[in-house]
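Structure, as structure tokens:
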Amino acid sequence: MSTVSNLLELRPDEVHVWIVEPERIDDRQLLDAYWGLLDAREREKQRRFRFERHQRQYLVSHALVRLTLSRYAPVAPAAWTFATNAYGRPEVQGEWGTKLRFNLSHTDGMALVAVGTGAELGADVEDAQREGETVEIADHYFAPTEVATLRGLPKDRHRARFFEYWTLKEAYIKARGAGLSLPLEQFAFHLEPEQAPRISFDPRMRDEPEAWQFVQLKPSERHQAAVALRRARGLPLSVRWQFTVPLAGDTTPPRYQAA
């Protein structure tokens, strides 16, 4: 449990992203310690996964959430309690529920949790080397301007741009807390070199582009990630991201990206 004297500071203009590679953790003592942090509901859900690697992803990523939140509040990792909204987004219960926002995402090879204060927050990470269609999915689900931009690129750039769009879209809908009930084709991202991503909306979305900021991350050659924050465009925003092994130490110095 953190003490008041060693808690990390998290300003309104910051998001901190903590990244772990679950498949690299095979220390049985660490894995047992993670198990000890989960509540009964989490343990039952972890047991339901058929494959060991998915069980490990769940175990490590949910321990990461608890240990990360305890970096910012004097609450023992095992003592955090969570509630989910109508679309399944977990939120902190109790005193710290109005002060700390978090969002968890995991994929093959990586999990991350983003933490902020007060504002709606979403994050997503994807394995951009996984097999599967890209342009074909975009044709059915992306906004027309995104599809046109994607199809206008050389074929060898389709996959990278597809996952840039996909992670940004996932981060936005997770920040909204409404999941895939939000139609993906009714909002579009606009990506320009050396500029922060911009979003535009179909009028049916009833949202304001100026109310959102986005930051893209490239935590590995294999992975693409994005963070979304409801924060007026033009206000400063810094995203700090860092690799960690929960309970064992932070493995790299933090890196910073600004919106």
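The values are calculated or read from the model by the stated rules, or taken from the named source; none is laboratory data. No experiment lies behind these values; they were computed from the predicted model shown. All Cβ positions, glycine included, derive from the backbone under ideal geometry; neighbour counts span all protein chains shown. Surface accessibility is based on the protein's heavy atoms, side chains included, excluding ligands, DNA and RNA. Shrake-Rupley method; radii C 1.70, N 1.55, O 1.52, S 1.80 Å.
Here are the numbers:
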item: Test: residue in the stretch 81-90 that is open to solvent by 20 Å² or more (accessible area, probe 1.4 Å), among the small types (Gly, Ala, Ser) and either under 30 Å from Lys218 (Cβ atoms) or touching a strand residue (DSSP E or B) at 6+ places or on another chain (Cβ under 9 Å) (or both); result: yes
item: Residues of the stretch 20-77 satisfying the condition of being touching a Ser or Thr at 6+ places or on another chain (Cβ under 9 Å) and of a type in the set (Asp, Glu); result: Glu21, Asp39
item: Pairs, first closer than 14 Å to Phe82 by Cβ in the stretch 32-46, second polar (S, T, N, Q) and open to solvent by 40 Å² or more (accessible area, probe 1.4 Å), C-beta under 9 Å, six or more apart; result: Asp39/Thr81
item: Yes/no for Ala226 being open to solvent by less than 30 Å² (accessible area, probe 1.4 Å), touching a Ser or Thr at 6+ places or on another chain (Cβ under 8 Å) and closer than 21 Å to Gly177 by Cα; result: yes
item: Output for the stretch 90-104, where each listed residue is closer than 15 Å to Arg11 by Cα and under 16 Å from the mean Cα position of the chain (by Cα); result: Leu100, Arg101, Phe102
item: Enumeration of residues in the stretch 119-167 that are among the charged types (D, E, K, R) and assigned to a helix (DSSP H, G or I); result: Glu136, Asp139, Glu146, Arg151, Lys155, Asp156, Arg157, Arg159, Arg161, Glu164
